[in-house]
Structures are given as structure tokens and as C-alpha cells.
1. For the chain, which cysteines have no disulfide-compatible partner, meaning no other cysteine Cβ under 4.7 Å?
2. Can you tell which of PRO367, PRO272, PRO256 shows the greatest fluctuation in a Gaussian network model of the chain with Cα springs below 10 Å?
3. For region 220-281, with equal point scatterers placed on the C-alpha atoms only and solvent neglected, what are the log10 I(q)/I(0) values from the Debye formula at q = 0.15 1/Å, to two decimals?
4. At q = 0.10, 0.23 Å⁻¹, what log₁₀ I(q)/I(0) does region 245-342 have when each alpha carbon counts as one equal point scatterer in the Debye sum?
5. Please list, or write none, the aspartates and glutamates whose alpha carbon is within less than 12 Å of the alpha carbon of LYS213, excluding same-chain residues fewer than 8 places away.
6. Solvent-accessible area of GLU360, probe 1.4 Å, all protein chains present, reported in Å² to the nearest ten, please.
7. With all protein chains present, calculate the accessible area of VAL159 using a 1.4 Å probe and round the result to the nearest 10 Å².
8. At a Cα cut-off below 14 Å, give the aspartates and glutamates reachable from LYS340, other chains included and same-chain residues fewer than 8 away excluded.
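The values are calculated or read from the model by the stated rules, or taken from the named source; none is laboratory data. These figures come from a predicted structure and were not determined experimentally. We place every Cβ from the backbone using ideal geometry, glycine too, and count neighbours over all the protein chains shown. Remember, those area values only see protein heavy atoms, side chains included, never the ligands or the DNA or RNA. Shrake-Rupley method; radii C 1.70, N 1.55, O 1.52, S 1.80 Å.
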Amino acid sequence: MSTIEKFNAHVMGSYGRYDLVIDKGEGNFATDENGKRYIDFGSGIGTNSLGYADKDWADAVCKQVRTLQHTSNYYYTKVQAEFAEKLAKLTGMKNMFFCNSGAEANECAIKIARKYSFDKYGQGRHNIITLVNSFHGRTMATLSATGQDAFHNYFFPFVEGFIYAEANNVEDLKAKLDDTVCAVMIEYVQGEGGVVPLDKDYVDAVYELCGQKDVLVITDEVQTGVGRTGKFLAGQNFDKTADIVTLAKGIAGGLPMGVCLAGEKCAETLTPGTHGSTFGGNPIACAGGLAVLKKVENKTFLIDVAEKGTYIKQKLLKIDEVESVTGMGLMIGIKLKTKKAGDIVKAALDEGLLLLTAKEKVRLLPPLNISYEEIDKGLKILERLLK
Ligand SMILES: *Cc1c(COP(=O)(O)O)cnc(C)c1O
């Protein structure tokens, strides 16, 4: 039986998968079962932020595996403390909670926002405004928070307390920001929604209006965070610091980790017994995360990310078939004139290039440390496919 047959015989069909078995990876190349190599413009889904098996990352992770793979959150570990210290410094946030995924980080954010408001104002101020076309995860609460009707099916009843406002529409936000609201949750660049950045004026208005009413701003930086947009947090592109920030995807270089960070206002909201996660802050994930942070904190690293993003954008815009290019840094959406994104992604597999889609667009989330040579190689293939 082939790997794919064996897999499909026993694994649920919740994903539409490509007929590709990835066997190993090195640098920015993945290799399939038959030894064929692929340039990776997707890096998982922006998870393998340093590509495959980056030496410093792999050394740190392997060392941690042999030292201490896990202990319960009843105890302290050194690697968690070091990771937390560095992440707080890079984000300017005060306290954090460790979990294992983006959805969990958002669950934590939702709980903090509601408890912050409950502690201060009592019941009835539990609603959270999220944006139409957003994506916040697949758990019941984060699915409910996700502002796309396509996700609100089958699993009724959904979690109450989410109000959807139209992105970049200040009047709509004003109308919905009533006394029942404790937080507004945004993605600076809607990733799954099609790599659509928010307008600067809109972001300014969100912070201004929320500030006036002691409504918390939650920024879901699960996809935009950890250098993806050319700043450590995408909020830094807008000169903004949120009350709560969530991270996951690229944070630990491909190991499962989520983090919910809180600023001064709600840093102490979660008290003993109010939240937890057995695996949260797993030392191996933290060791991987620390290795990522040590690279990304290098000033030139983030400047490089931004420059590579601009370079790719400029090259893409020269292709006839490209209608427009959106995004920030190495988070890039490509709208095509006549061709279907899904068809291009499939055709790219044959040519040895891994791509992603987001809605009707081709999406690129290459490793942050991808070289110009590899970018050129991948773009050459893409250009050929778009001819
Ligand atoms: C991927 C993503 C999530 C969900 O993360 P998981 O790790 O799959 O739970 C949440 N928010 C945003 C913005 C994402 O891109």
C-alpha cells in the first residue's frame, strides 16, 4: 500500500490534500518520497520561519530533547524563563501565557478580555467585535469569532458574544461599539481572508475609539507576527501596541506553540486556576522559539525580510498575468487576471515549487531567511506557469 493509501485509510478527511508525500527538508527545499526537490514558498503555513532544519535551531531543539522534554506547569524551567524574557523585550508586552496553537492563543485572549471587563465592570460587557473576513481558528469560540459565514455551519450552536464589523469601515465600528463590548479583535493583515492589510486610518480609529471606552484591542498576530511583515510585530508597522497580542505559526520554527501576550492593563487578569494548558510552554517548543528569536532579533534580519518582500513584489508586478500584489514583508497575496490560484498551485508542484492559496489568491509565506538566489529560482518557475 502506498503512503497515501495507508494514510487515507485511517486519517479523517478534514483537509483537501495534494498528492505529495514530503519526506524531509533542508534549508529552503523540501524533498518528496521519490527524492524530488521543491523550493518552499509556503514554509508549512508560515511555521518553518527559518526553513528546514536550520542548524542553530536544530542544535537547540536536540539539546533540549536530551535535557528535559517536558515537565508540568506546576514547576518552573530555565528555557521558558529565557524565552519569555526575550519575547517580552521584542514585543514590549508585559506578561504572557503559553499554549500550543493559534486558536488556543486566541481562546486565551478572549478569556482575558472577558475577565478583565468582568473584574472591572461586572456582567453584561462580554461582547467582542471581530472583523468580517477574519480568521481566528477552528475551536468553537475562535470559529465563532471568525467573521466568515462559510465557517458558521454544521456545528451549531456557536459561542455567543461575537459581533462582526466591516473592515476599514469606521462608521460601522462606531455603531457597534456599545456598552456591551469588552474588546475589538483584528488582524493587521487578514491572512486566510486573502492577504488584505487594514488601512492605517482604520487602525488609528480602532485604537482611538477603544481607548476612549476602556475596550481592549486584541491583535491576532498568529500569522503576521515574529518578523513576517518586516517588523517583529505587524503592529510596529502601524506604530501601535495592542492590549493583547496572540502569536503562533512561526514562533517556534515549526514546533507547535502559541503565546498570548498582555500589556500592563490586563497583565494580571489571569489568576491561579483561571486558565491552563498541559503542554503549554513545552521546553522543546521554547528552545525552538528561543533559537528563532535569537535570529529574528538581529536588526538586519528584519530589514532583510522587508527588502525581500519588496523585491518579490516588484518582480511579480512585472508579470502580465498578475492583477495586483497585496501584503506586507514576506506575507504576499497575488491576484491573477485570468488563471485560477488553485490550478497554479497544483501545476507548481510538478515544477518543484510549493505555494499556498488564500481565498482567490496565490499566497506566499516563504521562510524568513530565504536567499535571493532561492527567491529567483522560485519566481522563475512561477513566472513560467503564469505565461
Ligand atoms: C492560522 C491562524 C490561526 C489559527 O492557528 P492554529 O495554530 O491553526 O490554531 C488563527 N489566527 C490567524 C490569523 C491565523 O492565521
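1. CYS62, CYS99, CYS182, CYS210, CYS266, CYS286
2. Highest fluctuation of the listed residues: PRO272.
3. -0.52
4. -0.47, -1.17
5. Hits, sequence-local ones excluded: ASP178, ASP179.
6. 100
7. Approximately 50 Å² for this residue.
8. Excluding near neighbours in sequence, the set is GLU321, GLU323, GLU360.
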